[in-house]
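Since the structure comes first, as structure tokens, the remarks are kept for the end.
Values in this text are rule-based calculations from the coordinates and carry no lab data. Note that the structure is a prediction, hence the values are computed from the model and not measured. Methodologically, a virtual Cβ is constructed for each residue, glycine included, from the backbone with ideal geometry; neighbour enumeration extends over all protein chains shown.
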Amino acid sequence: MSSVLALVLLVLVYLLALVSLDPWDVALGVGLAAGVLVWARRTLSAPSAIGAGVLVGRIARFPLFVVAVAREIVVGTWQVELVVVGVRRLSRPGIVAVPIGDRTPAGLAATALALTLSPGEVLVDIDRSRGVMLVHVIDAHDPDAVRARHDHFYRRYQRGVFP
């Protein structure tokens, strides 16, 4: 019964995001939800899957992660706004190599998504041979500060949710 409930809830979220009750949208939503559930069952039931206690801890830390990402979006928007309206000059945009550190592949994906959501930064590439993410930032005059900020964000907000 819980699988049916999960399927229905996922389809409802999908339809709410689309704001549609078109039969084709419902059918696509059912297909996508079923695929997500199959993937989740295989991933979470694998021998290497995380324990229930760890999962509960990650879920508990998730709201703080969301707030931290929202804060980064606001700060990034403000910095870009200052440049766009001419209050601050665009003096040193550039690419900064940010160490990947101990991020898992899922953690790396979460980092990439979180930093790209914030205006003023975008992930350009991941250089696994060097162990770095290449991030284009609107203000690269102090690359060490950019690296320190990303390291702090990962250790403080992300690692407990998406290691």
Filter pass, VAL137 being touching a Pro at 6+ places or on another chain (Cβ under 8 Å) and of a type in the set (Val, Ile, Thr): yes
Region 72-108: number of residues that are touching a residue at least 24 places away in the same chain (Cβ under 8 Å) and part of a helix (DSSP H, G or I): 11
Every residue from region 7-19 that is over 23 Å from the mean Cα position of the chain (by Cα) and at negative phi: LEU7, VAL8
Criterion (closer than 15 Å to VAL161 by Cα and surrounded by 12 or more Cβ atoms within 10 Å (Cβ to Cβ)) met by exactly one of LEU113, LEU90: LEU113
Qualifying positions in region 109-129 - assigned to a strand (DSSP E or B), touching a helix residue (DSSP H, G or I) at 6+ places or on another chain (Cβ under 9 Å) and in contact (Cβ under 8 Å) with a residue 24 or more places away in the chain: GLU121, ILE126
Residue match in region 141-149 (condition: over 23 Å from ARG58 (Cα atoms), in a loop (DSSP other than H, G, I, E, B) and among the basic types (Lys, Arg)): no
